[in-house]
Each structure stands twice: as C-alpha cells, then as structure tokens.
Amino acid sequence: MKFHAIRLLVKNFHESLAFYRDVLGFSGWQNDDLEYAYFEEQQLALFARGRMVNLIGEGDPTSSSQCVLQFEVDEVDDAFDRLQKKGIHFITRPTDMTEWGSRVAHFRDPDGNVIELYQSIRK
C-alpha cells in the first residue's frame, strides 16, 4: 500500500478550485461534472463533500469528514480481505467507480478519519 493523495472534501467545489488553482498556483486536472480536481504534484485532490457523503452513506454533509486519506493498492479486493481479517470494519465494500476510473473501498481509522483504498481501473 502506498500513499496516493489527501482528498479535501469541500463545501463549494468551484470556490476551492479557484483558490488552489488560481491563488496558490497549483496545476492539475479537473472534472466539473464530478466536482473533482487533482493536483498531482502536491498529491492533493478536491472533491465535493456532498458527493462523498452519498458514497459512504453518511447523512448530514456538514458533519462529514473534512478529508479522505487515499492509499493506492494493487488489488482493492485483496487489501479489503486482508484488512477485514485484521478486524477493520469497512464503510463501503470494494466498488467500481467507473466515472472516477478506479475501484475503491472505505474504512475509518481509530479517530474517525476516512481512508480510501484505491486501485486504478483506467484502460
């Protein structure tokens, strides 16, 4: 497992995008429809908080986590099985997010921070 990115879960995607891109000068790519941006050099992603809340099944978007730690693995399903055997309770099971080009699963650390296991499925 290797660190991939910190994903900030933002209230206003376009305002945050303008701040990181235009004010701080970060460059990367964005998808306005998905409300997602990734600044590869900084290993920082922005994602609309409400969209993440829907994915992991939390109710109130204002009480959701502020960020997601993202770790890249070779096979999400293998990592899921291995960590589940160690007592990790997953929020989401391995799921293909084709619009993201990835397969993901989510769990929380002891302090409640969301951790995403990520595997690229882009062809």
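Observations, loosely collected:
- Within the set [x] 45, 35, 23; [y] 51, 31, 22; [z] 56, 28, 27, the number that Cα extents along the principal axes in Å takes when calculated for this structure is listed as [x].
- Region 2-120: relative contact order in percent, alpha carbon pairs under 8 Å with at least 6 residues between: 24 percent
- For the pair Asp81 and Arg122, a Förster radius of 30 Å applied to the C-beta separation gives a FRET efficiency near 0.80, rounded to the nearest 0.05.
- Peptides 14-25, 94-105 ordered by average Cβ neighbours within 10 Å, highest first: 94-105, 14-25
- For the pair region 11-44 / region 89-123, the C-alpha centres are spaced 20 Å from each other.
Any read-out appearing in this document is the output of simple, stated calculations on the displayed coordinates, not a laboratory observation. The structure displayed is predicted, hence computed values, not measured ones. Heads up, the Cβs are rebuilt from the backbone with ideal geometry, glycines too, and the neighbour counts pull from every protein chain shown.
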